[in-house]
1. Report the calculated FRET efficiency for D35 and H303 (r = Cβ-Cβ distance, R0 = 30 Å), to the nearest 0.05.
2. Give the shape of segment 17-256 as rounded, prolate or oblate, defined through the alpha-carbon gyration tensor: a ≥ b ≥ c are the square roots of its eigenvalues, a/c under 1.5 means rounded, and otherwise the shape is prolate if a/b is larger than b/c and oblate if not.
3. Would you tally the net charge around M236, using a Cβ to Cβ cut-off of less than 14 Å, leaving M236 out, and scoring K and R as +1, D and E as -1?
4. So if each residue of separation counts as 0.36 nm, and I subtract the Cα-Cα distance between I190 and I128, what length gain in nm does that give?
5. Within the chain, what is the number of lysine pairs with alpha carbons under 20 Å apart, leaving out pairs fewer than eight places apart on the same chain?
6. With both bridge residues required to lie in the chain, what share of the DSSP beta bridges run antiparallel, to the nearest 5%?
7. Nothing charged except the Cβ atoms of Lys and Arg (+1) and of Asp and Glu (-1): what's the magnitude of the dipole of the chain about its Cα centre? Round to the nearest 20 debye.
8. Note the angle between two axes, namely the Cα long axis of helix 121-133 and the longest principal axis of the Cα atoms of the chain, as a number of degrees from 0 to 90, rounded to the nearest 10.
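Just so it is clear, none of the values below were taken in a lab; they were calculated from the coordinates. Owing to the predicted nature of the structure, the values given are computational and were not obtained by experimental measurement. As a convention, Cβ positions derive from the backbone with ideal geometry for all residues, glycine included, and neighbour counts pool all protein chains shown.
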Amino acid sequence: MSGCIANAGHSRPLGALNVFPTADGSFSLHSEYFDEAFHNSAGALNEACAKFAQPAELTRFSGGQTLRILDVCMGLGYNTAAVLDAMPTPAPNVLWWGLEIDRRPLELALAQTGFCSAWSASVHQKLILIRDCDGWDQPESRGTMLWGDARQTLHQLPQDQQFDLILHDAFSPGRCPQLWSEEFLHGLAIRLAPGGRLLTYSRAAAIRASLQRAGLKLFSLLQVPGERGGWSSGTMGMKQFKISFGEKGPGWRALTAMEHEHLHTRAAVPYRDPTGEDQAEVIRRRRSTEQQLCGLEATNTWHHRWTAKQRHG
Ligand SMILES: C[S@@+](CC[C@H](N)C(=O)[O-])C[C@H]1O[C@@H](n2cnc3c(N)ncnc32)[C@H](O)[C@@H]1O
């Protein structure tokens, strides 16, 4: 790739970054500014494989085809690396784009021998090229990293660029509502190619309802081994296609009745960021006002109803 703009525009939007130990031993970080870890305690590698690589069902793509991937919030690079390392043989060509605001997570990860040795040599090399040259350009594979606020860099993608896979891994909606707004999620959904999949660890009703309104069919991600209890490990949104979808696949299943009802509670009120420039606090306050006025069922009532149903079998 021509024009290596290594480390241009260093910024520290995450505040201090501290090492966050995870159960599978994989290296992760905690951001002081967001007061949140990059991965859950079950493990960064575990999460990347179970919530992103597995439900992506990469065997749908084969040699000669092109797999178009968008990694939103690339961070240390686990999701991209896990997907690239899980390619079938013969592998499809890869066209990759990444969005990320801070260079340090990838730099810190690549300074860890354990992180580097988790990947094949060719995937490790791509991560180095993202760090040093903002991407790579190889005969059958091209990657471009766009550093900056994803709300803006999303608009720097070529206008007609569509994706087969969007990996969405921002900090949680409560902490980073900018990247979970109705508008931002809609902007991602319209980038999905027919049959394309958006994968995220979030099972929040607000996020699911926004994805549904953006025209995606929703599925639930199965619990990751070692993850603490819960009824879902995330969401897969599929762009409708002429072939019908199955009700389950590797790492995913249809939404349950409980999950459908969740989408009609106050928790489903979306985060709104009409200009794409609002601060997190403004977006949170706007949502809270809308929740007070919305007339939807209280989420606690939904929760108690389903807890009681499950207790009585
Ligand atoms: C949960 S971490 C992502 C973990 C990552 N996918 C991985 O595999 O390591 C969230 C990431 O979002 C990035 N981020 C936060 N705000 C952002 C923004 N406005 N635009 C782009 N990236 C942002 C953070 O720098 C952080 O790397």
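1. Values: r = 25 Å, r/R0 = 0.83.
For D35 and H303, the calculated efficiency is 0.75.
2. Rounded.
3. Details: positive: K51, R60, R197, R203, R208, K217, K239, K248, R253; negative: E57, D164, D169, E247, E259.
In short, +4.
4. 19.3 nm
5. Eligible lysine pairs with Cα atoms under 20 Å apart amount to 7.
6. 50 percent
7. Value, rounded to 20: 960 debye.
8. The angle comes out at about 90 degrees.
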